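What follows draws every value from the coordinates through simple rules; no lab data is involved. Just so you know, these numbers come straight off a predicted model, no measurement behind them. Cβ coordinates were reconstructed from backbone atoms using ideal geometry, including for glycine residues, and neighbour counts include every protein chain displayed.
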Amino acid sequence: MSDSPIPQPSSAASSDSPAPQPSTAASSGLPNNVASILCYIIAPIVGIVFLVVEPFKTIPFVRFHAIQSIGLCVVGIVTMIGLSIFGIVGTILHIGLLTSLISFLLWPLIMIGLFILWLVAVIKAWNNQCYKLPIIGQYAEKMSRVG
């Protein structure tokens with residue numbers, strides 16, 4: 001055994017410590033965490049814009065959140081369309097009551113789940129963290145070259 005003391009966790013890792021200071025995109029003056037939050041709040045428009053506009057397209061942190069916000073928006077849209085088609089097909093096949101009931105019960109649960117994921121992503125972006133959502137986050141990480 002070594003006589004060296006066990007390293008204590010740094011104060012920066014403490015949950016009571018303030019978030020690290022955000023870096024700023026040089027030519028925009030907009031902090032990276034604010035740019036990342038805008039990707040989620042005005043999705044997918046700002047996310048797409050930040051993927052093509054300098055200096056944001058060269059900042060991996062902003063690219064990650066832009067791609068992830070676009071992915072989350074696409075998942076939400078596809079889910080809404082899928083549940084609508086499910087209800088319409090059920091009506092055409094004369095099992096409308098059952099499909100309507102399933103859609104009626106699933107719709108709010110899925111939307112609440114997506115809202116919670118969105119809220120977590122916004123909070124993590126504010127704290128300068130790259131929180132990977134399931135499946136979407138892995139794709140965003142690969143495409144943004146973060147990590």
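Couple of notes before you dig in:
- Both numbers refer to the Cα atoms of the range 30-144; Rg and Dmax are 16.8, 55 Å.
- Separation of the Val74 and Ile110 label points, Cα + 7 Å toward Cβ, nm: 1.7 nm
- Length added when fully stretched, Ile95-Glu54, from 0.36 nm per residue minus Cα-Cα: 9.5 nm
- Ordering 64-71, 99-106, 37-44 by mean Cβ neighbour count within 10 Å, with the highest value first, yields 64-71, 37-44, 99-106.
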